[in-house]
1. How do the pairs read when you match residues in region 84-95 that are closer than 12 Å to Pro119 by Cβ with residues anywhere that are of a type outside the set (A, V, I, L, M) and outside any loop (DSSP other than H, G, I, E, B), using Cβ under 8 Å and keeping only pairs 6 or more apart or on different chains?
2. What do you reckon, is Pro167 modelled with pLDDT of 95 or more, within 18 Å of Pro90 (Cα to Cα) and surrounded by fewer than 17 Cβ atoms within 10 Å (Cβ to Cβ)?
3. Considering region 137-155 alone, what residues qualify as being at pLDDT below 95 and part of a strand (DSSP E or B)?
Amino acid sequence: MSKQRSSTANFTERASLSSVVVAGDCKSRPDVTCTLGTRQQQFYMKTFITPTLIAILIVALPLTRLAAQPAHSSEMGFYAPTTVEWKAGPAAIPPGAKMAILEGDPTKEGPFVVRFQFPDGYHIPPHTHPKTERVTVISGTMLLAMSENLDRSAAKTLTAGTYGFWPAGMKHTAWSEGETVIQLHGIGPWQINYVNPADDPRNAKKSP
């Protein structure tokens with residue numbers, strides 16, 4: 001009877017130890033207790049820890065992507081042709097043009113969209129820009145002479161609906177046939193540098 005009690009006590013003790021045994025004990029105790037403890041740890045990892053880690057990753061990864069993406073403006077803007085607000089063109093181009101700012105500020109850092117309205121025969125002398133210029137002709141016709149050959153015989157004809165772009169630093173000159181509206185979009189601050197400084201309207205205002 002005492003032997004049976006002793007055997008029962010030993011079994012109970014082994015079962016209790018198996019619940020707290022760690023993987024490192026297996027090196028010194030490669031017995032049934034160690035095997036049971038290892039299996040219990042594996043079962044615990046599969047049942048509780050692994051699903052928890054997966055759930056954390058599912059939630060955390062999209063949040064990480066969102067945090068890495070730049071914030072976008074929450075504003076919206078719509079301009080019907082009758083609601084565009086025209087003002088006198090900037091001092092950097094010859095007088096007679098009108099301008100409407102649709103988005104952003106061409107004098108500051110960041111993207112912008114503006115429209116220019118030119119009267120018939122309006123001419124902008126040869127000039128360059130420090131950034132790529134992107135133009136869409138909304139109405140009318142704009143003629144454009146590029147590169148070193150800036151005479152009218154080499155001009156390209158940009159009719160309504162035409163889109164064009166040319167790189168920073170490229171010399172060009174433009175004029176209109178009939179009343180013409182163009183849309184310019186780019187990255188500010190926007191600048192115009194005349195090939196001949198005497199053509200710059202801003203210099204004319206400085207002279208006495």
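1. Between residues of region 84-95 that are closer than 12 Å to Pro119 by Cβ and residues that are of a type outside the set (A, V, I, L, M) and outside any loop (DSSP other than H, G, I, E, B), the close pairs are Gly89/Lys98; Gly89/Phe116; Pro94/His123; Pro94/Pro125; Pro94/Pro201; Pro95/Pro201.
2. no
3. Selection gives Met146 alone.
Each row is one residue, and each column tells you yes or no for (1) under 23 Å from the mean Cα position of the chain (by Cα); (2) under 23 Å from Pro167 (Cα atoms); (3) among the basic types (Lys, Arg).
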| position | (1), (2), (3) |
| --- | --- |
| Lys87 | no, no, yes |
| Ala97 | no, no, no |
| Ala100 | no, no, no |
| Glu109 | yes, yes, no |
| Val113 | yes, yes, no |
| Pro119 | no, no, no |
| His129 | yes, yes, no |
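The values are calculated or read from the model by the stated rules, or taken from the named source; none is laboratory data. Fair warning: this is a prediction, and the values are worked out from it, not measured in the lab. For neighbour counting, all protein chains shown are included, and Cβ atoms are generated from backbone atoms with ideal geometry for every residue, glycine included.
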